[in-house]
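What follows is one structure encoded as structure tokens, with my remarks underneath.
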Amino acid sequence: MPIYINLDVMLAKKGMKSNELAEKVGITTANLSILKTGKAKAVRFSTLEAICEALECQPGDILEYKK
């Protein structure tokens with residue numbers, strides 16, 4: 001799939017750990033891991049919004065399209 005998830009990059013930039021982000025967003029660390037590894041088939045806009053709010057970023061900072 002040509003959509004890549006750059007959560008690791010954003011977490012590193014913000015100095016935040018995955019479990020901290022999962023807690024702030026209100027999802028399990030297992031679900032966050034599925035999203036981070038690109039194995040998720042979908043992401044809810046409410047989850048994306050919560051991630052962007054927690055990381056103080058834009059959706060384009062997290063999602064990237066590559067051919």
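The values are calculated or read from the model by the stated rules, or taken from the named source; none is laboratory data. Because the structure is predicted, anything quoted here is derived from the model rather than measured. Backbone-built Cβ (ideal geometry, glycine too); neighbour counts: all protein chains shown. SASA here: full protein model, heavy atoms, side chains in, ligands and nucleic acids out. Shrake-Rupley method; radii C 1.70, N 1.55, O 1.52, S 1.80 Å.
Suppose we keep only residues that are among the hydroxyl-bearing types (Ser, Thr, Tyr) and in contact with a helix residue (DSSP H, G or I) (Cβ under 9 Å, 6 or more places away or on another chain) within the range 17-39. Which one would you say is nearest to Pro2 (Cα to Cα)? Walk me through how you get there before you give the answer.
Initial filter on the range 17-39 (among the hydroxyl-bearing types (Ser, Thr, Tyr)): 18, 28-29, 33, 37.
Next cut, in contact with a helix residue (DSSP H, G or I) (Cβ under 9 Å, 6 or more places away or on another chain) only: 18, 28-29, 33.
Numbers: Ser18: 23, Thr28: 25, Thr29: 24, Ser33: 19 Å.
Within the range 17-39, the match that is nearest to Pro2 (Cα to Cα) is Ser33.
Look through the range 14-26, keep the residues that are out of contact with any Asp or Glu (no Cβ under 9 Å at 6 or more places or on another chain) and assigned to a helix (DSSP H, G or I), and return whichever of them is most open to solvent (accessible area, probe 1.4 Å).
Looking at the filtered set, the residue picked out is Glu23.
Could you list, in sequence order, the residues of the range 27-57 that are open to solvent by 80 Å² or more (accessible area, probe 1.4 Å) and not in a helix (DSSP H, G or I)?
Thr37, Lys39, Lys41, Ala42, Arg44, Glu56
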